[in-house]
1. Does at least one position in segment B:178-192 carry a residue that is surrounded by 21 or more Cβ atoms within 10 Å (Cβ to Cβ), modelled with pLDDT of 95 or more and within 10 Å of chain D (Cβ to nearest Cβ)?
2. In segment C:196-215, what residues are crowded, with 19+ Cβ neighbours inside 10 Å and touching a helix residue (DSSP H, G or I) at 6+ places or on another chain (Cβ under 7 Å)?
3. Against the conditions (1) modelled with pLDDT under 95; (2) touching a strand residue (DSSP E or B) at 6+ places or on another chain (Cβ under 7 Å), where does residue A:160 fall short? Just the number, please.
4. Of the conditions (1) outside any loop (DSSP other than H, G, I, E, B); (2) over 25 Å from residue D:54 (Cβ atoms); (3) more than 14 Å from chain D (Cβ to nearest Cβ), residue C:32 fails just one. Which one is it?
5. Looking at D:45, D:65, which one is touching a helix residue (DSSP H, G or I) at 6+ places or on another chain (Cβ under 8 Å) and within 14 Å of chain C (Cβ to nearest Cβ)?
6. Identify, please: which residue in segment A:75-105 is away from chain D (no Cβ under 12 Å) and farther than 15 Å from residue A:163 by Cα and is, among those, surrounded by the most Cβ atoms within 10 Å (Cβ to Cβ)?
7. Please work out which residue is farthest from the other protein chains (Cβ to nearest Cβ), limiting yourself to segment B:106-152 and to residues that are without any contact (Cβ under 8 Å) to a residue 12 or more places away in the chain, in a loop (DSSP other than H, G, I, E, B) and over 21 Å from residue C:104 (Cα atoms).
8. Which residue out of B:227, B:249 is farther than 23 Å from residue D:272 by Cβ, surrounded by fewer than 23 Cβ atoms within 10 Å (Cβ to Cβ) and without any contact (Cβ under 8 Å) to a residue 12 or more places away in the chain?
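The values are calculated or read from the model by the stated rules, or taken from the named source; none is laboratory data. All values reported here derive from a predicted model rather than from experimental measurement. Cβ sites come from the backbone with ideal geometry, for glycine too, and all protein chains shown count toward neighbours.
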């Protein structure tokens, strides 16, 4: 039994749902999950579907899907073998809380993923990587070495067939060289409730503004700083009694949970991106 | 153009989704919304679908649906003309906050519903009903007159073709005579986070137990007290500084919002009930 | 028995708490509530105190407090008779949800306040004011009449000894002429999670940015648009399934609750403002 | 400079606050934090105070406090040197998420505490204890060996001067022998929103009841199962799409955060217990 996950988007048109479900029935697929969304502002149709097959040939199915459906409706589409484990690279700097959290979940089987390696611009977190038996590459980044560092990063990513990257409080700006290779495949955690407090030191800005709620946001990295499609956000109540270091401590808990939830949504192929916004299927 | 909403549940079987979408395509329906859920514990399939038709005959469609699909898959099913406004009766006692809230939303066009009348066992809230121009029936309930009161209620409900009832802090236990006529069609608001604090005076119990969060729950009324299928819940943080009257005041805000949300879900036919639990479609 | 509420702020210094509690003991006051906060960034001390007296003369007490304590510690201070009902003016435009909510709470005794009148630049909400028997003044505002309108507003505010103003979705920018007379005494509700989405149409901006959580913020009005000291904020989870009108509807519920909570905090004299931030005592 | 934390409770009486602040002033203490609460139902006064002294003798101060204040007002009281690090023992079974979380926070300096050892009835989590260099004692518990096991536990607790115990998902019922030695000093995490779903398998019960929100509760252990004073609670929204294993996974995140928050409140001596409820100072 093979199970596939199918993601489609295209201009909204009459008869799409019936056409897709029909196609699957004709190919002996049993649909076990279907969800769809229409963006009424832009007239865009989104669909996520899971289907089971007793016999399945991915190459043939894709060719067939393309010629029968995708071209007709001008679809953008992706098909995954649901059981395939993607390769996820983790980039970190010196903060350990998100790394501990991800590796703890990975260790307990909560994340269906391979982690081929961790990259860091510092050596600080190597002991954590070691204790979980994950290869750790220390690639320092300075103004002068940034390009060279990226070349090394890209080599490692390619060599290990990395499917997506998680920036687990990686305190460096990722340049277009990586973004172009991993469009909507680099997940960042920003320690504010975006679009409030873009950029550096958001907890200091939140403290200064006197907000009563702080937050964290996980988003795909795009060229524009902290402006990529939002995957997940969460917030926590604070008060005047909290000093900046209290906001930072509370924020750590938010960051961990929000980033982990974003990773899980991405792994389950529940996120579609269009026009810098996400559709998150349930 | 006619738009219908279709709700189905049955034992989970291969090919249901394709069969339903096919049926609609064959009947010239354009599916504009589809969502489904499978309860894996009990192997029950649930589906909600919206479809548009240029020409539509409800009687013929229902007959056709029944013979072609429903009998084959042993479905339970309901079909609504999406534009039909249901008739909603409101039962109240003396508390005014939920009534004000519902009528304010009704007045501003937020609720797509008719409100043929309000019933109360007290005359207290008649001025509010008057100010919104809704007929108000004062039907006192005592131990001795309970049966007689219910007979009057049932007559009014029947006469006005009431589709469902909202108990907006109606402080009386509704008996089987009404529940049998309105199964999963009587929406209650209970002022606690069920199943905690069933029964009377939940805020007093919450205060005594020293909980740090209070809640409200909207559910369909069944024979068992406060044990019907939960539609919606929400909570609010409290502390030792809150006296019972503070909990009651905070609770009023929870009750209003939770009840309004439950009514809106019911009106949009987004709620399905099975085995005393709800499926809430998005 | 007279009960007073005392609010103090000054530079942080050794011995302030003891000095204040001593002063009250020497004046036969029984302290029933004391709370304090020190802003460690700026070394500012804040205190809120409630005290009961069997015999009390406000004028004499204030004079005494000033000469014995306030001058010594260079305090800013305010003293209220706790039972005094302040006069609150409400400004509205056309949206009714916040007005309904405030008047409903006022009617049920939840707000300890007088409401001498409602001002609006439209006549739309007059029937609501009438149904609650609150005087309603229609003062249209156009570019040309803005100054004249403000003069009328100021006359009414002065004549009725208004202590503070609530902008219950008043869609006009309040100018310095009012702000100067009511510093930190004009409460606004902004329909976003500030500092995100300052200015007009925040729900449209939130929709466009694809945020997963929306919010509302109540703050004191200052010269800078939507940048005054934040009193209260709350948020609600949203998803891609919500159209702009859904955000607006959900936002209405947030706005009502957040504004009501801010009003209640202000009425209980629990809010102190310093350097564009609030201390909110519990 | 010595800093102390003082916790007091007694029957509410006139003049207590002034008496305490006076006492501290007379003893050359500079009060840097004061907060108080009166339980109006039971007329009980609670106070938390932090004071700094240039010269300080704990023994003398306590004797003085007792004779001058405590006996007069019939106070229950505790005084701590604020800088003292308490000794915290951790009890675990097989679940690792709370242990990882606590040790991660401990390691990063977030918890001001000593952890002399971890006790477990299984050997499963020894590698985690090892990786953090914390002694790990495997003390199996069966029906027959329960008393013997407790004797060993009590010996270790005594030998290491343990001040309080954290049950980090310790799947055994702690008997009175331990509770009597550690009254309101054993912190448990229960994986439900108490008082809903007392006892075993709360996520299964929550699933069966169809609740829309799940929670976790941290409380002090008393004789009555899951009925001790609540320190902290938090909740998370769920839906029909979540299977039991999803509730369990979401619950793990709640459990970690709620338990960590409870530990932090206890460490800062911000929790007072009276009549099976807590006062949590800010």
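1. yes
2. C:197, C:203, C:206, C:207, C:214, C:215
3. (1)
4. For residue C:32, the failing item is (3).
5. Numbers: D:65 fails: within 14 Å of chain C (Cβ to nearest Cβ).
Going through D:45, D:65 in turn, the sole match is D:45.
6. Across segment A:75-105, the extreme among qualifying residues is A:92.
7. B:144
8. Working: B:227 fails: without any contact (Cβ under 8 Å) to a residue 12 or more places away in the chain.
The match here is B:249.
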